[in-house]
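Any read-out appearing in this document is the output of simple, stated calculations on the displayed coordinates, not a laboratory observation. What you see is a predicted model, and the numbers here were worked out from it, not measured in a lab. A quick note on method: Cβ atoms are made from the backbone with ideal geometry, for glycine too, and the neighbour counts reach across all protein chains shown.
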Amino acid sequence: MRLSRYFLPVLKETPSEAQIVSHRYMLRAGMIKQASAGIYSWLPLGYKVLRNIEAIVHEEQQRAGHIPMLMPTLQSADLWRESGRYDDYGEEMLRISDRHGRDMLYGPTNEELITDIFRSHVASYKQLPLTLYHIQWKFRDEIRPRFGVMRGREFLMKDGYNFDLTQEDALHAYNRHLVSYLRSYERMGLQAIPMRADGGPIGGDYTHEFLVLAETGESEVFYDSAITDLSFGDRAIDYDDVAQCQAVLEEFTSRYARTDETHDAALFDAVPEERRRVARGIEVGQIFYFGTKYSEAMGATVQTPDGQAVPVHMGSHGIGVSRLLGAIIEASHDDKGIIWPEGVTPFHCGIVNLKSGDAAADEACEALYASLTALGLEPLYDDTSERAGGKFATMDLIGLPWRITVGPRGLKNGVVELTSRRTGESEEMPPEAAIARIGEIYGKLSAVA
Ligand code: ATP
Ligand code: MG
């Protein structure tokens with residue numbers, strides 16, 4: 001993309017309404033624009049990152065054997081009356097009536113819809129196990145929408161639902177989700193720690209929230225610092241292997257890690273004092289096994305091998321796709337702007353032409369642009385006539401992990417400059433070497449993925 005032809009409405013001033021850094025940078029970098037309280041338009045740069053995050057979620061869900069689909073945002077109230085949640089859900093549900101006076105709602109989540117789909121089409125254990133998911137906009141009329149996309153009213157969520165014959169199978173589905181979430185967050189450059197969450201009606205161990213540590217997080221968290229040494233990395237996993245998935249769950253949940261909702265001071269005190277941490281975190285996902293709660297209420301049963309009809313065991317599993325942009329920025333920025341992890345960056349690198357209009361500089365930039373594009377990469381080429389300082393400031397603000405700087409002086413010596421956004425370190429090298437380096441960085445990344 002050439003910057004002169006792009007739509008990147010960066011702001012010089014810090015918007016006064018933004019209280020936390022991710023919200024400030026998303027507004028300043030021209031990623032989002034508030035449409036009304038807690039509701040945002042996604043401008044091109046923000047939309048690109050949102051799509052990248054979605055793509056990682058899709059890939060990892062499908063790798064785990066979960067099947068994508070799409071359910072609508074508007075739902076009929078009737079299904080919610082069947083489950084009993086139409087009255088229970090309260091003020092957060094946006095209720096609408098259509099021209100015929102029928103009660104509708106903008107879905108805050110989808111357990112009812114998916115259970116209805118299931119009961120209409122699945123009757124036998126032979127069709128199990130089954131996990132369906134979608135990535136769709138949700139609406140929750142939050143009392144205090146704030147921090148930009150972090151706590152919106154309209155927000156994008158991946159929500160998946162598993163259907164299994166037995167509790168044992170459903171717990172395997174739970175573990176599969178845990179593993180796929182660990183992989184997804186790591187590919188986004190994040191460490192998200194599974195923490196024991198509020199058990200709800202079933203209680204016990206069957207719900208975990210994933211938290212990214214950040215000072216601005218809304219949850220207070222208590223954990224054993226040993227957990228931050230864990231990473232899933234690029235190890236192989238067979239999602240059908242029950243013992244393997246269970247072992248990952250045990251590895252990642254055996255250390256103390258809880259939010260204030262489930263915090264147990266006595267257990268926390270058993271952690272060696274030097275490893276006890278009290279901090280704040282951002283919830284970027286939650287997994288849940290809830291047994292037959294919806295299947296019983298809504299009559300979603302399957303035939304067992306010996307011909308009995310039993311309610312199916314279910315769980316639901318969510319990732320806060322739009323919230324993740326805020327979480328990534330909270331975890332990865334400096335005082336100049338965002339620092340995108342390579343896995344989600346909107347452009348793979350920037351090309352800064354120090355002297356647009358200079359024949360040699362223009363030509364070298366065009367050649368770099370063409371070569372990088374031919375490698376399947378997407379550079380953002382600042383071909384505008386702005387002064388160098390302004391170009392650098394924009395690149396730093398929007399946070400592309402790599403920048404190639406091209407100027408007449410360097411070109412006389414046959415070199416351009418490659419700069420890492422994260423370390424700020426620059427290195428001079430021939431253009432071909434810069435291309436090869438960037439190709440290698442992103443090639444490695446897709447090898448891991
Ligand atoms: P919270 O406790 O933050 O209100 P929740 O526990 O009610 O969230 P879930 O039902 O678990 O949310 O939804 C799955 C994921 O969707 C959450 O982990 C979070 O990342 C994201 N999410 C929930 N509410 C919002 C919101 N208002 N804005 C943006 N993302 C949200
Ligand atoms: Mg939650």
Query raised in the report: What number of residues within the range 384-404 satisfy the criterion of being crowded, with 19+ Cβ neighbours inside 10 Å and farther than 22 Å from PRO341 by Cβ?
Result: 1
Query - Scan of the range 305-328 for residues that are away from ligand 1 (no atom under 14 Å from the Cβ) and either under 12 Å from the mean Cα position of the chain (by Cα) or surrounded by fewer than 24 Cβ atoms within 10 Å (Cβ to Cβ) (or both), ordered by number - result: PRO305, ASP306, GLY307, GLN308, ALA309, VAL310, PRO311
Query raised in the report: Name the residues in the range 98-121 that are under 18 Å from THR301 (Cβ atoms) and crowded, with 20+ Cβ neighbours inside 10 Å, would you?
Result: GLU111, GLU112, ILE114, THR115, ASP116, PHE118
Query raised in the report: Can you pull out the helices (runs of 4 or more DSSP H) entirely within the range 276-387 that have at least 3 residues that are within 16 Å of ligand 2 (Cβ to nearest atom) and of a type outside the set (S, T, N, Q)?
Result: 321-331
Query raised in the report: Of the residues that make up the range 130-145, is at least one of a type in the set (D, E, K, R) and away from ligand 1 (no atom under 11 Å from the Cβ)?
Result: no
Query raised in the report: Before we move on, is GLU92 acidic (Asp, Glu), within 16 Å of ligand 2 (Cβ to nearest atom), over 18 Å from the mean Cα position of the chain (by Cα) and surrounded by fewer than 16 Cβ atoms within 10 Å (Cβ to Cβ)?
Result: yes
Requested in this report: Please identify the pairs in which a residue from the range 381-401 that is at positive phi has its Cβ atom under 7 Å from the Cβ atom of a residue that is among the basic types (Lys, Arg), counting only partners at least 6 apart or on another chain.
Outcome: GLY399/ARG421
